[in-house]
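The values are calculated or read from the model by the stated rules, or taken from the named source; none is laboratory data. These numbers were taken from a predicted model, which means no experiment stands behind them. Cβ atoms come from the backbone with ideal geometry, glycine included; neighbour counts cover every protein chain shown.
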């Protein structure tokens, strides 16, 4: 590993020298990198700094970078608030469920398509279609389908003689309903990623395994899963980071209700910032969820580094 | 060996495809339905010809600035 690294560095160094790029390279670097740095700074870095600044400031709607008092009162209130801790746990559960089920459904679909002789493309296209429906519209449609009184879902359950719960107004069921809708919307992402990953696995591995008498399940466990690992782990992290910030699906389906049963951090931030105008408090929640997101990425990076070595 | 796996795979795909496409179908079907038929129970799986209407689309085009950017 380290051998190849020094080798490649040496090649880069060697290829650079004859071109004579070293003279005035500082100016060159500044000119070439400048626009990108300014853009990233303005779009990503500045809002983050501003959010951190607001989270330790007064909870007004004025956003100022310099001056003003600095206090940790927002964080104090945050950490002492049951609403925040419940919302945090709910968000983590929501993220884990959505990512886990989406991955399972996507993998199941991709493996099933692989087992077909023909017609896989049609199935893949059909199952990828929810991916192009904007989440807010998907939530709208599902809200109508899952409607307790007029919804087609409960009508079908009624005809089948099954219980017909009030999917979105039952405080124990509402979060699961939101998860199902989010999975409907996220699973195509995993389907596409897993399909790509499966096609990268060499067929000869399966042939060798069959010659050795491996069962289908063993082939799945020892060839398919390890072969999918690089793509699947990236997809899982991306999807987890996306669903931890989901606003549109819970907002449209339940608006955080009933009685706060589906209030994720994103909804809590929105409500505090734009309904109660407690911008400082909302920023503090945002900073906490940023820390959690960064922690997820760091955990993933360490994990993937250790698995490669 | 492979033949045994093909049937369950097909069943799984049919279930997944149905659940992927049904909400989209339902959205399209509802968009062509009259207001009164939407709230009629039980809902019908297919849109009945008497309930067909384009007035929802007419409303969208007339009342919301969908074709304008920036919205007026």
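What the table shows:
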{"read-out": "Residue list for the range B:19-72, restricted to those being closer than 30 Å to residue A:191 by Cβ and out of contact with any helix residue (DSSP H, G or I) (no Cβ under 9 Å at 6 or more places or on another chain)", "value": "B:25, B:28, B:29"}
{"read-out": "Residues of the range B:5-17 classified as over 24 Å from residue A:181 (Cα atoms) and at the interface with another protein chain (Cβ under 7 Å from one of its Cβ atoms), total", "value": "2"}
{"read-out": "Some residue of the range A:159-172 being within 11 Å of chain B (Cβ to nearest Cβ) and surrounded by fewer than 17 Cβ atoms within 10 Å (Cβ to Cβ)", "value": "yes"}
{"read-out": "Test result for residue A:179, within 13 Å of chain B (Cβ to nearest Cβ) and buried (at least 19 other Cβ atoms within 10 Å of the Cβ)", "value": "no"}
{"read-out": "Filtered residue count, the range A:208-224, keeping only those that are loosely packed, with under 12 Cβ neighbours inside 10 Å and part of a loop (DSSP other than H, G, I, E, B)", "value": "3"}
{"read-out": "Sole exception among (1) surrounded by 16 or more Cβ atoms within 10 Å (Cβ to Cβ); (2) more than 17 Å from the chain's Cα centre (by Cα); (3) not in a helix (DSSP H, G or I) for residue A:246, by number", "value": "(2)"}
{"read-out": "Some residue of the range A:76-97 being out of contact with any helix residue (DSSP H, G or I) (no Cβ under 8 Å at 6 or more places or on another chain) and within 12 Å of chain B (Cβ to nearest Cβ)", "value": "no"}
{"read-out": "Matching entry among A:287, A:252 (being within 30 Å of residue A:72 (Cα to Cα), at pLDDT 90 or above and touching a helix residue (DSSP H, G or I) at 6+ places or on another chain (Cβ under 8 Å))", "value": "A:287"}
{"read-out": "Residue in the range A:253-263 that is in a helix (DSSP H, G or I) and out of contact with any strand residue (DSSP E or B) (no Cβ under 7 Å at 6 or more places or on another chain) present", "value": "yes"}
{"read-out": "Qualifying residue in the range A:185-206 (condition: within 10 Å of another protein chain (Cβ to nearest Cβ) and free of Cβ contacts under 8 Å to residues at least 60 places away in the same chain)", "value": "no"}
{"read-out": "Index of the failed condition, residue A:266 passing every other in (1) farther than 23 Å from residue A:185 by Cα; (2) at pLDDT 90 or above; (3) out of contact with any helix residue (DSSP H, G or I) (no Cβ under 7 Å at 6 or more places or on another chain)", "value": "(1)"}
{"read-out": "Test result for residue A:141, buried (at least 18 other Cβ atoms within 10 Å of the Cβ), under 17 Å from residue A:186 (Cβ atoms) and within 11 Å of chain B (Cβ to nearest Cβ)", "value": "yes"}
{"read-out": "Filter pass, residue B:20 being within 14 Å of the chain's Cα centre (by Cα) and at the interface with chain A (Cβ under 7 Å from one of its Cβ atoms)", "value": "yes"}
{"read-out": "Residue B:47 being in a loop (DSSP other than H, G, I, E, B) and modelled with pLDDT of 85 or more", "value": "yes"}
{"read-out": "Filter result (more than 8 Å from chain A (Cβ to nearest Cβ) and closer than 16 Å to residue A:138 by Cα) within the range B:23-52", "value": "B:25, B:28, B:29, B:31"}
{"read-out": "The one condition in (1) facing another protein chain (nearest Cβ under 8 Å); (2) crowded, with 19+ Cβ neighbours inside 10 Å that residue A:129 fails to fulfil", "value": "(2)"}
{"read-out": "Qualifying position, being closer than 29 Å to residue A:293 by Cβ, more than 9 Å from chain B (Cβ to nearest Cβ) and surrounded by fewer than 17 Cβ atoms within 10 Å (Cβ to Cβ), among A:106, A:121, A:100", "value": "A:100"}
{"read-out": "Index of the failed condition, residue A:22 passing every other in (1) surrounded by 10 or more Cβ atoms within 10 Å (Cβ to Cβ); (2) assigned to a helix (DSSP H, G or I); (3) at pLDDT below 85", "value": "(2)"}
{"read-out": "Top-ranked residue in the range A:109-118 [being free of Cβ contacts under 8 Å to residues at least 60 places away in the same chain and at the interface with another protein chain (Cβ under 9 Å from one of its Cβ atoms); ranked as surrounded by the most Cβ atoms within 10 Å (Cβ to Cβ)]", "value": "A:112"}
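Residue-wise test of (1) loosely packed, with under 11 Cβ neighbours inside 10 Å; (2) outside any loop (DSSP other than H, G, I, E, B).
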position: B:7; (1), (2): yes, yes
position: B:17; (1), (2): no, yes
position: B:20; (1), (2): no, yes
position: B:24; (1), (2): no, yes
position: B:36; (1), (2): yes, yes
position: B:57; (1), (2): no, yes
position: B:60; (1), (2): no, yes
position: B:67; (1), (2): yes, no
